[in-house]
Amino acid sequence: MRAEGRAGLQTDFVLNDQVNDYPIRSVETVASREELDEFVRSGYQVRRRLLNQQTAEVLGAAVLHLAQAEADHPDAECLPGMSSYIRSLLEKDEVFHPLLRLEPVLSIARLLLGPQRWIDLEARLNHAGCEGVAVPWHGHLPVIPDPLPPLFCFPHQIHCLIYLDRITEQEGALCLIPGSHLNAGLRIPLGDQSHQPGQVELFFEPGDAVLIHANLWHRTVPSTPAAGFRRLLLLGYVPSWLRADVGRGVPPDRRLTEKLVCAEGTEGTGDAGDAETRELLGEFRW
Ligand SMILES: O=C(O)CCC(=O)C(=O)O
Ligand SMILES: [Fe+2]
């Protein structure tokens, strides 16, 4: 990698890609060097008015529409009437496509993580008027082994949370522990919603966003009965080589591994095979 003009926040990355004649990928951002350094240290960066109010409204309506359309699907990830996750948004509504090149988030992600990224876009929705809806303390990529293997690929990702509704005390703050993305030894028990030393509480207007390192510990404060909708988009900037599908070559007539994913003798019943087999076949859930 050759880094040039760092003060001007343009970096020319030369890729060690023989096949493509060692191409240069230039990345330029409006974010300042101080902002980037601070993000690396703290693991988060708030970006107010990333989207304008009208765009937030349009995207919020699209998220609600998809949540309603999927609610009765057997694989829907929803607690009926409370909250839901909607995955693969880029495949479900073209209104989300402009987010592929959302700046300055894309250039920040490329400068800090490397230029070759793909974008995973998901949404979360909490329904209005529901008391006690919260996400306890968690990080997004809990895959760090101890001891750390010498060639371990550290799960550095940036996740951009874009709020499409106003988030006040009623909907519940987003709480973060600055610097916790660098503390793999921090172990908060599952379901913990307690106040943690040094936690920061954030509230948002529609269109505001926060970038977090995927392993920054965060949670939401439980909603009150007066809560409005809480809709947010989650953009994940994932290394382009990190994918379960190869995306080329002759596709199989039948996916024979589906047999392995189903437990022996129970194929087609929906029972899953053992966790190690599923992991070896590319499954990852948290
Ligand atoms: O609702 C929020 O503000 C954050 C939700 C969250 O952390 C998640 O869905 O992983
Ligand atoms: Fe989260």
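The values are calculated or read from the model by the stated rules, or taken from the named source; none is laboratory data. Just so it is clear, the model here is predicted, and its values are computed rather than measured. When we count neighbours, we look across all protein chains shown, and the Cβ atoms used for this are built from the backbone with ideal geometry, even at glycine.
Observations on the model:
- The one condition from (1) among the acidic types (Asp, Glu); (2) over 28 Å from HIS97 (Cα atoms); (3) within 15 Å of ligand 2 (Cβ to nearest atom) that GLU169 does not meet is (3).
- Of all residues making up segment 173-214, the number that are assigned to a strand (DSSP E or B) and small (Gly, Ala, Ser): 1
- Looking across segment 48-70, the residues that are closer than 16 Å to SER88 by Cα and crowded, with 17+ Cβ neighbours inside 10 Å come down to LEU59, GLY60, ALA62, VAL63, LEU64, LEU66, ALA67, GLU70.
- The residue list VAL63, VAL133 contains one member that is within 16 Å of ligand 1 (Cβ to nearest atom) and assigned to a loop (DSSP other than H, G, I, E, B), which is VAL133.
Here's the yes/no breakdown for (1) outside the structural domain of CYS153 (by TED's automatic domain parsing); (2) crowded, with 19+ Cβ neighbours inside 10 Å; (3) at positive phi:
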{"position": "GLY179", "(1), (2), (3)": "no, no, yes"}
{"position": "GLY185", "(1), (2), (3)": "no, no, no"}
{"position": "ASP192", "(1), (2), (3)": "no, no, no"}
{"position": "GLU201", "(1), (2), (3)": "no, no, no"}
{"position": "THR220", "(1), (2), (3)": "no, yes, no"}
{"position": "LEU233", "(1), (2), (3)": "no, yes, no"}
{"position": "GLY247", "(1), (2), (3)": "yes, no, yes"}
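- Among residues of segment 20-47 that are without any contact (Cβ under 8 Å) to a residue 60 or more places away in the chain, those with a beta-carbon under 6 Å from a residue that is among the charged types (D, E, K, R) and surrounded by 15 or more Cβ atoms within 10 Å (Cβ to Cβ) at least six positions away or on a different chain give the pairs ILE24/ASP12; SER26/ASP12.
- The listed residue being away from ligand 2 (no atom under 15 Å from the Cβ) and either without any contact (Cβ under 8 Å) to a residue 12 or more places away in the chain or within 14 Å of the chain's Cα centre (by Cα) (or both), out of PRO206, PRO225, PRO239, PRO178: PRO239
- When PRO178, PRO145 are checked against the criterion of being touching a helix residue (DSSP H, G or I) at 6+ places or on another chain (Cβ under 6 Å), away from ligand 1 (no atom under 14 Å from the Cβ) and not basic (Lys, Arg), a single residue qualifies: PRO178.
- The one condition in (1) buried (at least 17 other Cβ atoms within 10 Å of the Cβ); (2) closer than 16 Å to TYR163 by Cα; (3) under 15 Å from the mean Cα position of the chain (by Cα) that LEU106 fails to fulfil: (2)
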